[in-house]
Amino acid sequence: MDKEPCCHCPQRKKERSPEEYKKLIHRLNRIEGQIRGIRGMVESGAYCPDILVQAAAVNAAVNAFGKELLANHIRTCVADDIRAGRDETIDELVATLQKLMK
């Protein structure tokens with residue numbers, strides 16, 4: 001049986017399902033590969049617009065990672081906390097969204 005998510009324990013850690021963990025790590029590995037590719041482009045003297053296009057692709061990939069992580073957080077931690085009457089989670093979510101929208 002899977003452990004319950006733990007978002008508000010003192011360690012501030014979360015137990016992720018194997019599927020969620022695998023998806024997030026897969027996305028991060030792809031982003032890491034893209035970054036290494038850009039580094040190689042810089043090292044080999046690639047044309048600036050070509051590097052900029054790849055940098056934009058990395059930004060899109062990082063944003064997609066963030067959206068997936070946020071959606072998972074809302075579906076699990078936030079929803080569970082609201083059901084349990086921990087309304088302070090709403091304030092935490094609002095503060096997080098404000099930081100993300102800077």
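The values are calculated or read from the model by the stated rules, or taken from the named source; none is laboratory data. Values in this document were obtained by computation on a predicted structure and should not be read as measured data. Virtual Cβ from ideal backbone geometry, glycine too; neighbours counted across all protein chains shown.
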May I ask you to list pairs of residues, at least six apart or on different chains, whose Cβ atoms are under 6 Å apart, with the first in the stretch 84-102 being in contact (Cβ under 8 Å) with a residue 24 or more places away in the chain and the second being part of a helix (DSSP H, G or I)?
89/78; 89/81
So how many residues does the stretch 8-51 have that are among the hydrophobic types (A, V, I, L, M, F, W, C), more than 14 Å from residue 72 (Cβ to Cβ) and touching a Lys or Arg at 6+ places or on another chain (Cβ under 8 Å)?
0
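Here is a yes/no grid of residues against (1) among the aromatic types (Phe, Trp, Tyr); (2) in contact with a Cys (Cβ under 7 Å, 6 or more places away or on another chain); (3) surrounded by 14 or more Cβ atoms within 10 Å (Cβ to Cβ); (4) free of Cβ contacts under 8 Å to residues at least 40 places away in the same chain:
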{"residue": "21", "(1), (2), (3), (4)": "yes, no, no, yes"}
{"residue": "49", "(1), (2), (3), (4)": "no, no, no, yes"}
{"residue": "53", "(1), (2), (3), (4)": "no, no, no, yes"}
{"residue": "58", "(1), (2), (3), (4)": "no, no, yes, yes"}
{"residue": "67", "(1), (2), (3), (4)": "no, no, no, yes"}
{"residue": "73", "(1), (2), (3), (4)": "no, no, yes, no"}
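Based on this model, can you work out whether residue 31 counts as modelled with pLDDT of 95 or more and either touching a Phe, Trp or Tyr at 6+ places or on another chain (Cβ under 7 Å) or under 24 Å from residue 93 (Cβ atoms) (or both)? It would help to see each step written out before you state the result.
Values: modelled with pLDDT of 95 or more: yes; either touching a Phe, Trp or Tyr at 6+ places or on another chain (Cβ under 7 Å) or under 24 Å from residue 93 (Cβ atoms) (or both): yes.
For residue 31, the condition - modelled with pLDDT of 95 or more and either touching a Phe, Trp or Tyr at 6+ places or on another chain (Cβ under 7 Å) or under 24 Å from residue 93 (Cβ atoms) (or both) - is met.
Evaluate the following for residue 93: is it modelled with pLDDT of 95 or more and either touching a Cys at 6+ places or on another chain (Cβ under 9 Å) or surrounded by 14 or more Cβ atoms within 10 Å (Cβ to Cβ) (or both)? Before the answer, list the steps.
Working: modelled with pLDDT of 95 or more: yes; either touching a Cys at 6+ places or on another chain (Cβ under 9 Å) or surrounded by 14 or more Cβ atoms within 10 Å (Cβ to Cβ) (or both): yes.
Answer is yes for this residue.
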